[in-house]
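Chemist: Structure in structure tokens, see below.
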Amino acid sequence: MICSARLKKSPSEVTLSAKRSPAGRARAAHGMDPLLVGAAAVGFAFGVWQRPPGETEEEDASTLLAAAHGGRTSELTELIEGGLNVDACGAKGETALMIAACSGNTSAAALLIDLGAHVPARAAHRVAGTPLHAGSTAAHAAASNGHVSTLELLLARGADLHATDRLGDGLLHAAAARGHGDAVEVLLARGARVNAPNASGCTPLALAASHGDAAEGSPLSLLLEHRADVSAADSRGNSPLHRAAATGHVDAVRSLLDLGAKIHCQNNDGATPVELAAEPGVNAALREAARARDEAGAPEAGMALAARSALEASACCCCVVVGSARAPHCEQSSQYRARARATSGVSVAGATSRAGIRRSTRAQRDARQ
């Protein structure tokens, strides 16, 4: 449900809330008379409380959002019990619960839920400076920013583990894309779908490969431990190995290769991970894996890289590795690249695909910031 909550409650709603709403129950639990709270709230609703001149209802909501961002629980309680809707939306459809989740203010999030906040509410548009965009929930925000305690609270209080946003990203995508291993671990333990694709066909592993961290406890290592599909291709035909190679993450490349990622699978442009590799370390890892597989009896894996290695050995000092984005500096380099294309099937598609992956990775990262 996209947030579209009314800012203020009616007088009758406020009166009833003093007796039976989550706010009234919360106050009663802390020793306050809910009828007194209701009397004050009715005064607010009928206009005894006056909005400062020039202040708008949107500014009222901004006050609530600011209190949630700062974790000011007393102010939140006063505002909501004074008649402000707990799900009052900001200009982009963001709620106080979403903002508390962005900031990792678990106590504020817990209070808002106790006061009736709608946990599955979704933002309507992108909210600058946060990971929130169209379709994001508070749980998306907590997962994106790695706020594990807030994420656990939301999941325990009704957040949908499998909710997806406008990009088709689930909570696991959100955590993996920004390198939050602790959040990924929590989600996997609760049964998040490890191979679920987003709207672009990217699995959480693909996004983790683009991020590049492959250390123990990283999203990449955790997803691989949970049998994520190393060969799953996105809508452009790129596998996680394509993405790791294109973004120059050597450790991620090695981790994927160790679990059998295919070295010469082609994407929609006909480019393989070999052609996308611009970093020397990535090239070395791919050559090493190809040779090892060749020696183990998988000749197709090493054929193109063996031809490529022979060409590199005879190239001049200013020649670049095939697939590099740098331009040649001499006639010999041009001849080398022509021989490489004829011998190993490498083409300009490699550079094109690599640039496309890097652009999409930046766009996906920016969409979550």
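Chemist: Can you report the number of residues in the range 118-156 which are in a helix (DSSP H, G or I) and either in contact with a Ser or Thr (Cβ under 7 Å, 6 or more places away or on another chain) or under 17 Å from HIS69 (Cα atoms) (or both)? Spell out how you get there, then give the answer.
Modeler: Step one: of the range 118-156, the residues in a helix (DSSP H, G or I) are 138-145, 148-156.
Filter once more, keeping what is either in contact with a Ser or Thr (Cβ under 7 Å, 6 or more places away or on another chain) or under 17 Å from HIS69 (Cα atoms) (or both): 138-145, 148-151, 153-154.
Selection size over the range 118-156: 14.
Chemist: When both residues are 6+ apart or on different chains and their Cβ atoms are under 7 Å apart, which pairs have a first residue that lies in the range 103-118 and is under 12 Å from LEU76 (Cβ atoms), and a second that is surrounded by fewer than 20 Cβ atoms within 10 Å (Cβ to Cβ) and among the small types (Gly, Ala, Ser)?
Modeler: Cβ pairs passing all conditions: ASN105/GLY71; SER107/GLY71; ALA108/GLY71; ASP114/ALA26; LEU115/ALA26.
Chemist: Inspect the range 219-228 for any residue being more than 20 Å from GLY270 (Cα to Cα) and hydroxyl-bearing (Ser, Thr, Tyr) and give the result as yes or no. If you could, list the steps in order and put the result at the bottom.
Modeler: Let us first name the residues in the range 219-228 that are more than 20 Å from GLY270 (Cα to Cα), namely 219-228.
Subset that is hydroxyl-bearing (Ser, Thr, Tyr): 221.
So far as the range 219-228 goes, yes, one or more of its residues are more than 20 Å from GLY270 (Cα to Cα) and hydroxyl-bearing (Ser, Thr, Tyr).
Chemist: Then there is this: Go through (1) surrounded by 20 or more Cβ atoms within 10 Å (Cβ to Cβ); (2) in contact (Cβ under 8 Å) with a residue 40 or more places away in the chain; (3) within 12 Å of the chain's Cα centre (by Cα) for LEU187 and report which single condition fails.
Modeler: (3)
Chemist: Which residues, taken from the range 199-257, are aliphatic (A, V, I, L, M), closer than 23 Å to ALA290 by Cβ and not in a helix (DSSP H, G or I)?
Modeler: First pass over the range 199-257, keeping only residues aliphatic (A, V, I, L, M): 199, 205-209, 214-215, 220, 222-224, 228, 230, 232-233, 241, 244-246, 250, 252-253, 256-257.
Of the ones still in play, those that are also closer than 23 Å to ALA290 by Cβ are 205-206, 209, 214, 220, 224, 228, 230, 232-233, 241, 244-246, 250, 252-253, 256-257.
Selection gives ALA214, ALA228, VAL230, ALA232, ALA233.
Chemist: A further question on this structure: So GLY297 ticks every box in (1) at pLDDT 90 or above; (2) over 27 Å from LEU220 (Cα atoms) but one. Which box is left unticked?
Modeler: That leaves (1) as the condition not met.
Quick grid of which residues meet (1) buried (at least 24 other Cβ atoms within 10 Å of the Cβ); (2) among the β-branched types (Val, Ile, Thr); (3) within 17 Å of CYS202 (Cβ to Cβ):
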| position | (1), (2), (3) |
| --- | --- |
| LEU241 | yes, no, yes |
| ALA245 | yes, no, yes |
| GLY248 | no, no, no |
| ALA252 | yes, no, yes |
| HIS264 | no, no, no |
| ASP269 | no, no, yes |
| VAL274 | yes, yes, no |
| ALA290 | yes, no, no |
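Chemist: Taking the range 116-151 as the region of interest, how many residues are surrounded by 24 or more Cβ atoms within 10 Å (Cβ to Cβ) and either on the phi > 0 side of the Ramachandran plot or hydrophobic (A, V, I, L, M, F, W, C) (or both)?
Modeler: The number of residues fulfilling the criteria is 9.
Chemist: Out of curiosity, is LEU207 at pLDDT 95 or above and under 18 Å from HIS173 (Cα atoms)? Talk me through it step by step, then tell me what you get.
Modeler: Numbers: at pLDDT 95 or above: yes; under 18 Å from HIS173 (Cα atoms): yes.
Yes: the conditions hold for LEU207.
Chemist: Taking ALA96, is it touching a strand residue (DSSP E or B) at 6+ places or on another chain (Cβ under 8 Å), closer than 14 Å to LEU64 by Cβ and free of Cβ contacts under 8 Å to residues at least 40 places away in the same chain?
Modeler: Values: touching a strand residue (DSSP E or B) at 6+ places or on another chain (Cβ under 8 Å): yes; closer than 14 Å to LEU64 by Cβ: yes; free of Cβ contacts under 8 Å to residues at least 40 places away in the same chain: yes.
Considered against the rule, which asks whether it is touching a strand residue (DSSP E or B) at 6+ places or on another chain (Cβ under 8 Å), closer than 14 Å to LEU64 by Cβ and free of Cβ contacts under 8 Å to residues at least 40 places away in the same chain, ALA96 comes out as yes.
The values are calculated or read from the model by the stated rules, or taken from the named source; none is laboratory data. None of these values were measured; they are calculated from a predicted model. Here the Cβ is made from the backbone with ideal geometry for all residues, glycine too, and neighbour counts use every protein chain on show.
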